[in-house]
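Have a look at the structure below before the remarks.
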Amino acid sequence: MPLYEHVFLARQDASAQQVEELTAQLTGVIEGLGGKITKTEAWGVRSLTYRINKNRKAHFVMLNIDGPAAVVAEVERQERINEDIIRYLTVRVDELEEGPSAMMRKSERDRDRDDRGGFRGEREGGFRGDRGPRRPREEAPAETEE
């Protein structure tokens with residue numbers, strides 16, 4: 001069966017519990033039509049690049065779907081009807097990504113940063129270390145008039 005990555009954005013007004021219920025509802029639709037969810041990732045509330053229907057933030061959720069095209073068509077139809085979903089995108093892929101997605105790896109990397117904004121284990125003076133005192137600037141040779 002074809003493989004799909006599906007991401008939908010839910011309104012920021014919706015609670016985390018409502019987003020979970022919405023995800024469960026979509027999972028039920030997919031499984032009812034003979035599809036299978038291989039992975040579900042909730043990316044949390046994130047800022048949008050531009051406003052969508054007066055929303056500046058949204059709940060992001062990704063689903064990896066293994067099922068026929070009719071499953072995706074029905075899921076997208078359900079999302080068009082639902083007022084809480086402001087955007088969705090489905091992409092057909094050759095193989096599904098194992099482990100956490102790029103968005104989840106980014107959040108793990110952000111947690112590894114310390115309070116100064118650098119990474120743990122970073123040298124005191126930064127990546128380049130202390131560069132020492134500055135050299136005095138050399139003066140340009142004076143031009144002579146003839």
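Condition (residue is free of Cβ contacts under 8 Å to residues at least 60 places away in the same chain, closer than 22 Å to Leu3 by Cβ and of a type in the set (Phe, Trp, Tyr)) applied to region 41-49: is it met by at least one residue? No, the conditions are met nowhere in region 41-49. The residues listed here are Glu83, Glu98; of these, the one that is part of a loop (DSSP other than H, G, I, E, B) and at pLDDT 90 or above is Glu83. Residues in region 1-28 that are surrounded by fewer than 15 Cβ atoms within 10 Å (Cβ to Cβ) and aliphatic (A, V, I, L, M) were compared, and the one that is nearest to Asn53 (Cα to Cα) is Ala16. Condition test on Glu31, is it over 14 Å from Ala10 (Cβ atoms), at pLDDT 75 or above and part of a loop (DSSP other than H, G, I, E, B)? No: the conditions fail for Glu31. I need the full set of residues from region 15-61 which are farther than 20 Å from Gln78 by Cβ, out of contact with any Lys or Arg (no Cβ under 8 Å at 6 or more places or on another chain) and β-branched (Val, Ile, Thr), in order please. Thr49 - this is the single residue of region 15-61 that is farther than 20 Å from Gln78 by Cβ, out of contact with any Lys or Arg (no Cβ under 8 Å at 6 or more places or on another chain) and β-branched (Val, Ile, Thr).
Residues in region 36-90 that are over 15 Å from Leu9 (Cα atoms) and of a type in the set (Asp, Glu): Asp66, Glu74.
All conditions in (1) free of Cβ contacts under 8 Å to residues at least 60 places away in the same chain; (2) surrounded by 14 or more Cβ atoms within 10 Å (Cβ to Cβ); (3) among the polar types (S, T, N, Q); (4) part of a strand (DSSP E or B) hold for Thr90, with the sole exception of (1). Report yes if some residue within region 17-39 is under 15 Å from Met103 (Cβ atoms), of a type in the set (Lys, Arg) and within 14 Å of the chain's Cα centre (by Cα); otherwise report no. Checked region 17-39: no residue is under 15 Å from Met103 (Cβ atoms), of a type in the set (Lys, Arg) and within 14 Å of the chain's Cα centre (by Cα). Within region 59-87, the set of residues being surrounded by fewer than 16 Cβ atoms within 10 Å (Cβ to Cβ), among the small types (Gly, Ala, Ser) and in contact (Cβ under 8 Å) with a residue 24 or more places away in the chain comprises Ala69, Ala70. Scanning region 9-34 for residues that are in contact with a helix residue (DSSP H, G or I) (Cβ under 6 Å, 6 or more places away or on another chain) and farther than 19 Å from Pro68 by Cα yields a count of 1.
The values are calculated or read from the model by the stated rules, or taken from the named source; none is laboratory data. On a predicted model such as this, the values are computed, not experimentally measured, just so you know. With ideal geometry, Cβ positions are generated from the backbone for all residues, glycine too; neighbour counts draw on all protein chains shown.
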